[in-house]
1. If you place +1 on the Cβ of every Lys and Arg, -1 on the Cβ of every Asp and Glu, and leave all else neutral, what size is the dipole of the chain about its Cα centre, to the nearest 20 Debye?
2. Going through the cross-link list K97/K320; K155/K256; K143/K256; K119/K326, which pairs have a Cα-Cα distance over 19 Å in this structure?
3. Quick one: what do you get for the chain if you divide its Cα Rg by 2.2 N^0.38 Å?
4. Using 0.36 nm times the number of residues separating D308 and V39, minus their current alpha carbon distance, what extension gain do you get?
5. Which of the listed residues, N117, C153, H186, is farthest toward the dipole's positive end in the chain, when Lys, Arg count +1 and Asp, Glu count -1 at the beta-carbon?
6. Give me P(r) over the range 112-251, computed from all C-alpha to C-alpha distances, binned every 10 Å, as integer percentages.
7. Per the Kirkwood treatment, what hydrodynamic radius in Å, one decimal, follows for the range 1-99 from the mean inverse distance over all distinct Cα pairs?
8. Could you grab the Rg to Rh ratio for the range 32-181? Cα atoms only, Kirkwood for Rh.
Amino acid sequence: MATEKLGWGIIGCGVIAPFHAQAVAQAANAELRAVYDIVEEKAQKVGAEYNVPYVTDIAELLAREDVQVVSICTPSGLHAEQAIAAAEAGKHILCEKPLDITLEKMDAMIEAAAANNVKLAGVFQKRSAPAVHRTRQAVRNGKLGKLVLGDCCQKWYRSHEYYASGDWRASWEMDGGGALMNQGVHAVDLLLWIMGGVARVSAYCRRLVRNIEVEDTAVAILEFTNGALGVLEATTSVTPGYDCRLEIHGDAGTIKLQGEEIVAWDIEGEAQEAVEDEARGAAADPTALDTAGHRRHVEDLCEAIIQDREPQIPGNEARKAVEVIKAIYLSSRQGGATVELPLSYEDDGPGIYPSQVIPKW
Ligand SMILES: NC(=O)c1ccc[n+]([C@@H]2O[C@H](COP(=O)([O-])OP(=O)(O)OC[C@H]3O[C@@H](n4cnc5c(N)ncnc54)[C@H](O)[C@@H]3O)[C@@H](O)[C@H]2O)c1
């Protein structure tokens, strides 16, 4: 096992699939063996590009003995059902963000992985950026003192063409939300990872510009379990779109991150830190990603399987950002009322009603 490569399969051959294929090709312990999509041309294209067979039936992929791990790269509302099928077939899973779009389905996939003794890892590739690691470490080491504010601002741009590029995009049923559930989930995950859990939220979600079902803009006030407060802003409707900003303030110092770069390291007695990262941002263009983060995910999952340890972002960790977003949606549905976490399954629902705010564009 230690020297043999882990055979990889890809489920869903759209925009994000090549990032997984490249990440697998770059990882020492992994090898792509087959790809699957319900649309034959898409499966065929990715299969041909990476010189592996393609299938159009998930059962055929999951029956392959040379595949031990699958990447789930399908519309978000399909993740749980495909992860459960993979787990029941004994395959380890690397699942794209968000883990799924309901609390109940995320719990079902986490349980299926545990019951079938396979690893389930969620993708949040921005966590592996060196600047994010240094920030988190500084916070954990108490360098900022008592945490006071954890703010996060993700002002991105997604065109009408982007939303029109797939039926599932910006639908409650398959995307599970918009500026927050699809794009902002990265920022929410980083904020939680650095600041800790959220105790309560109050929020407004709106559809201000795009002719879509889900929110294109959201603002939330957060109270963390450690008592700190924070403000979260997420949109996909501003031009031209900017790198995500995270601002972490304590009574002894401040760290500000922009994209994957530290732009302020204001801690008494310490020099400003500068961190160069290999990754590029997707603020204005969803395809402008780098494969470095996905490669780290593939390498981590390989090691987790070989060493029989948890991956760095196991299912229950990837679930957290989705639960906070669901709390924000509930608050918005209730006109900005305070919502306490954890949420129950009954609290699960959209951020705005389809009738709310008819956009003009
Ligand atoms: N980590 C990131 O930064 C990042 C970036 C983009 C997308 N994503 C995530 O990746 C997932 C896919 O997004 P995308 O932009 O690649 O979408 P996409 O629409 O480009 O690709 C989805 C693919 O899944 C296929 N598909 C649909 N139903 C299927 C089924 N039942 N079985 C097999 N294949 C099926 C479609 O034919 C399509 O090829 C989403 O969950 C999204 O949130 C993550």
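Throughout, read-outs are computed from the coordinates displayed, never taken from laboratory work. Here the structure is a predicted model, which is why all the values come from computation and not from measurement. Cβ: placed from backbone, ideal geometry, glycine included. Neighbour counts: every protein chain shown.
1. The calculation lands at about 620 debye.
2. Pairs exceeding 19 Å: K119/K326.
3. 0.97
4. Roughly 93.4 nm would be gained on extension.
5. C153
6. Taking all Cα pairs of the range 112-251, the binned fractions are 11, 36, 32, 18, 3 percent.
7. Every distinct Cα pair counted, the radius reaches 13.1 Å.
8. 1.04
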